[in-house]
Amino acid sequence: MPLIQVDLDRALFEEKGKQISDAIHAAQLEVPEMGIPATDKFQLFRPRDAGELVFDPGHGGVDRRSIVIIQITAVRRFPVRLKQALFEKIITRVAEVGLRTDDIFISFIENGFEDWKAGLPSAATS
Amino acid sequence: MPLIQVDLDRALFEEKGKQISDAIHAAQLEVPEMGIPATDKFQLFRPRDAGELVFDPGHGGVDRRSIVIIQITAVRRFPVRLKQALFEKIITRVAEVGLRTDDIFISFIENGFEDWKAGLPSAATS
Amino acid sequence: MPLIQVDLDRALFEEKGKQISDAIHAAQLEVPEMGIPATDKFQLFRPRDAGELVFDPGHGGVDRRSIVIIQITAVRRFPVRLKQALFEKIITRVAEVGLRTDDIFISFIENGFEDWKAGLPSAATS
């Protein structure tokens with residue numbers, strides 16, 4: 001149950017939001033060792049207006065012109081190499097839909113298996 | 001000091017935001033073993049527009065038609081059974097105000113006692 | 001790479017967003033022991049409308065009239081005293097631009113060095 005939250009420029013979201021969503025989900029499936037099923041898709045997009053994204057244009061040696069902040073919350077169970085593989089895949093896939101790789105910013109947060117509840121069948125409570 | 005962040009459909013927020021807020025807070029108090037006082041109420045609602053909530057409708061065996069993403073940040077001190085009790089109470093209470101239980105999505109993140117600062121009396125800085 | 005996310009009243013953001021941003025960044029640099037370079041500036045502002053910020057006005061012994069929710073995600077490497085020094089500096093600096101210190105709410109979340117990816121030079125993928 002990764003939850004993927006994306007804050008990005010509103011114009012970019014309006015132009016390519018669906019493509020970015022598909023690209024991130026494809027990336028997740030392209031690291032099959034993570035064992036995330038294709039149906040495990042939970043994403044949240046938050047378009048941002050002028051002045052709401054504040055960033056240094058060159059920190060880390062890149063040429064940042066905007067920023068797409070991708071925050072991934074997932075269960076603590078992936079080794080570093082799989083997280084890095086996921087980051088690389090995301091960057092590759094969103095670049096294919098036209099994003100600048102310099103502008104991608106990813107932060108990964110971990111919790112436990114017991115820290116999730118993804119719905120309860122209504123029948124169970126009725 | 002749990003901080004509860006809720007991203008949900010804008011129409012749902014406009015119709016029932018206050019009721020959902022009250023329901024979540026009531027749930028928190030209905031797990032008295034957590035020891036959260038009634039005044040410990042910090043919630044953040046972020047209404048979402050079309051295309052901003054992306055989810056699989058059936059993952060996990062539920063019949064998801066929309067999604068209400070509830071992210072809870074709290075101090076690491078609750079055993080699994082209390083977190084699960086809280087999740088169940090939240091689902092029960094928001095169902096009572098008309099939400100579909102299939103549509104509730106909860107993620108719990110933990111930090112330390114020292115990771116919070118909830119205001120400073122102005123007198124202390126003047 | 002701290003990522004700083006701020007949810008706050010829209011009118012306050014429109015009036016003082018840039019000043020608040022500068023104040024928070026200045027605070028970060030005023031705890032030099034944290035070792036965060038001046039270019040390490042990644043902030044996200046999310047203006048909130050009526051009813052979206054829900055809080056208890058007096059919890060914790062302060063006189064809260066609104067709330068400015070500052071969430072900091074950073075690598076787990078700072079001792080408690082440095083985190084507390086950062087909180088104090090943030091509160092001091094945003095007070096200087098006119099915010100009420102009672103209204104500041106800070107939550108700090110930690111992850112690992114390997115949980116970040118701040119852009120990739122486009123040249124590397126082209």
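The values are calculated or read from the model by the stated rules, or taken from the named source; none is laboratory data. These figures come from a predicted structure and were not determined experimentally. Note that each Cβ is placed from the backbone with ideal geometry, even for glycine, and that neighbours are counted across all protein chains shown. The area values use the complete protein model at the heavy-atom level, side chains included, leaving out ligands, DNA and RNA. Shrake-Rupley method; radii C 1.70, N 1.55, O 1.52, S 1.80 Å.
Tabulated data
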item: Meets criteria (surrounded by fewer than 18 Cβ atoms within 10 Å (Cβ to Cβ) and more than 10 Å from every other protein chain (Cβ to nearest Cβ)) for C:Arg81; result: no
item: Residues located in segment C:38-75, provided they are of a type in the set (Val, Ile, Thr) and free of Cβ contacts under 8 Å to residues at least 60 places away in the same chain; result: C:Thr39, C:Val54, C:Val62, C:Ile67
item: Residues located in segment A:34-51, provided they are within 14 Å of chain C (Cβ to nearest Cβ), within 19 Å of the chain's Cα centre (by Cα) and open to solvent by 10 Å² or more (accessible area, probe 1.4 Å); result: A:Arg48
item: Segment B:102-126: number of residues that are surrounded by 21 or more Cβ atoms within 10 Å (Cβ to Cβ) and either of a type in the set (Ser, Thr, Tyr) or in contact with a His (Cβ under 6 Å, 6 or more places away or on another chain) (or both); result: 1
item: Criterion: closer than 20 Å to B:Phe55 by Cβ and touching a helix residue (DSSP H, G or I) at 6+ places or on another chain (Cβ under 9 Å) - qualifying residue of A:Ala23, A:Ala95; result: A:Ala23
item: Out of C:Val94, C:Val68, C:Val31, sole residue that is within 10 Å of chain B (Cβ to nearest Cβ) and surrounded by 20 or more Cβ atoms within 10 Å (Cβ to Cβ); result: C:Val68
item: Residue count, segment B:18-28 (criterion: more than 24 Å from B:Phe78 (Cβ to Cβ) and either buried (at least 19 other Cβ atoms within 10 Å of the Cβ) or more than 8 Å from chain C (Cβ to nearest Cβ) (or both)); result: 1
item: Yes/no for A:Phe108 being within 25 Å of B:Pro47 (Cβ to Cβ) and aromatic (Phe, Trp, Tyr); result: no
